[in-house]
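The values are calculated or read from the model by the stated rules, or taken from the named source; none is laboratory data. Being a predicted model, the structure only gives us computed values, none of them experimental. Neighbour counts are summed over all protein chains in view; Cβ atoms, including those assigned to glycine, are modelled from backbone coordinates with ideal geometry. Each accessible area value is taken on the protein alone, full model and side chains, heavy atoms only, with ligands, DNA and RNA left out. Shrake-Rupley method; radii C 1.70, N 1.55, O 1.52, S 1.80 Å.
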Amino acid sequence: MDITVIIPVKDRRDHIGKTLDSILKSGISPKEVIIVDNESTDGTYQFCEQYIKNRPNTTLLRETFPGAAAARNKGLKSCKTEWVYFFDSDDIFDYNFMSTFYNANVEGYDMIAVPTKRVVDGKSFIRTYIPTEDPRVQILGDVLGTANMLFRTDFLKSIGAWNTACRAWEDWELGLRVMLHQPKILWFKEKAFHEIIASKNSVLSDNYSLNYKNFNRTLMAAINDLQSSILQPLSHYHAQHLSCLYPHLDLLMYPLYLRTSILLGHMQREKSRGKSNNYKLAVKSLTLFRKDNFNPTANQKFIGNLLRFYTMLGGKDAWKIALRIALDKSSRKA
């Protein structure tokens, strides 16, 4: 039951040391920690090079292809343990996480999901966590994020690992693809682990105007995955295990449509506050839903517009409203 922790890092010279301390100085350390530098320019690589000296269970790699997904995949290729876990370079690892993992009965499971804590301006709260294998909840709730997912290494490799085309929401996309393969998941519920810090970079990633192209690219990847998997499985492994694929793929396009509508609402709100000039371009994201993949009804368009305006006016938790609607409307057909 050995585990490798993989950490992508870029320009985190002032933060990575604290993160590594929290992992390597915990009660029980992972079998290996792999740090993957993604073209840092602030001395991060050199700092990590010094840090890992005399630490035989740590490895430092370089990845030149941009994006955290590529860096994570680089580390995954070097992973030799049965289990693999991904952690970000400015967060704090929970002291009891490893002992909790080693004491769990993980026989027969493909992955483990854990609740996490998010820290914003020094205040900690439990990140959204809904233990369910329903992909619609992942689409609208982002239940599975980077630090929520602990994988059996062979399973992650079999479904294609991280999608390097995604430069934002890459953990959301992977979480959705995981759900499509219907893995056996062990859901931890007793406590929340780690401190996921809302750093400057994570705040920037929530700036919808600056990142709309990356958001749209990830939405396109998810939609294309759904469409192609209706005709063929998502991986070579599952070509021999068709029953592993989620059987109601047609029900997932509507939740994706609602997620896109909420995204546009955020961007429209930023435009109204003088923070964006890209809203008209972002509206093109709705063209992702064409007649050949999903043609929303008049009622579905009406609900999407309501959610967009609600978000534009500053309404909170639009995704919760959308999730209730999506589950209510589509579960009757499931």
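In Å², and per residue, what accessible area does region 1-136 have when probed at 1.4 Å with the other protein chains present? Before the final figure, lay out the partial values.
Details: 6320 Å² over 136 residues.
Accessible surface, normalised per residue, equals 46 Å².
Would you mind calculating the gained length between ASN54 and ALA298 on full extension (0.36 nm times residue separation, minus the Cα-Cα distance), in nm to one decimal?
That works out to 81.4 nm of additional length.
Of the cross-linked pairs LYS123/LYS320; LYS271/LYS301; LYS53/LYS184; LYS123/LYS213, which ones have a Cα-Cα span greater than 27 Å in the structure shown?
Beyond 27 Å between Cα atoms: LYS53/LYS184; LYS123/LYS213.
Can you pull the percent of region 1-110's accessible area that's carbon plus sulfur, 1.4 Å probe, other chains left in place?
In region 1-110, the share of accessible area belonging to carbon and sulfur is 44 percent.
Restricting to region 85-215, compute how many DSSP beta bridges are antiparallel as a %, nearest 5.
Expressed as a percentage, antiparallel bridges in region 85-215 total about 55.
Based on the mean of other beta carbon atoms within 10 Å per residue, what is the order of 219-226, 259-266, 24-31, most packed first? It would help to have the intermediate numbers written out before the result.
Working: 219-226: 19.0, 259-266: 23.4, 24-31: 15.2.
Ranking the peptides 219-226, 259-266, 24-31 by packing returns 259-266, 219-226, 24-31.
Any chance you could list P(r) for region 31-103, counting all Cα-Cα pairs in 10 angstrom bins from zero, rounded to whole %?
P(r) over region 31-103, rounded to whole percents: 16, 49, 31, 4, 0.
Using only Cα atoms, locate the centre of region 173-189 and the centre of region 49-112, then give the distance between them in Å, rounded to an integer.
18
For VAL119 and ASP14 in one chain, what is 0.36 nm times their gap in residues minus the Cα-Cα distance, to one decimal in nm?
36.0 nm
Which of the peptides 67-75, 175-183 is most tightly packed, and how do the rest follow, going by the mean number of other Cβ atoms within 10 Å of each residue?
With the highest mean Cβ count within 10 Å placed first, the list reads 67-75, 175-183.
Which peptide among 37-50, 112-125, 147-160 comes first, and what is the full order, when sorted by highest mean count of other Cβ atoms within 10 Å?
147-160, 37-50, 112-125
Using a ≥ b ≥ c from the Cα gyration tensor of region 1-51 (square roots of the eigenvalues), is it rounded, prolate or oblate, where a/c under 1.5 gives rounded and otherwise the larger of a/b and b/c decides, a/b for prolate?
Here region 1-51 falls in the prolate category.
Rounded if a/c is under 1.5, else prolate if a/b beats b/c, else oblate: with a ≥ b ≥ c from the C-alpha gyration tensor eigenvalues square-rooted, which is region 93-162?
In terms of gyration-tensor shape, oblate.
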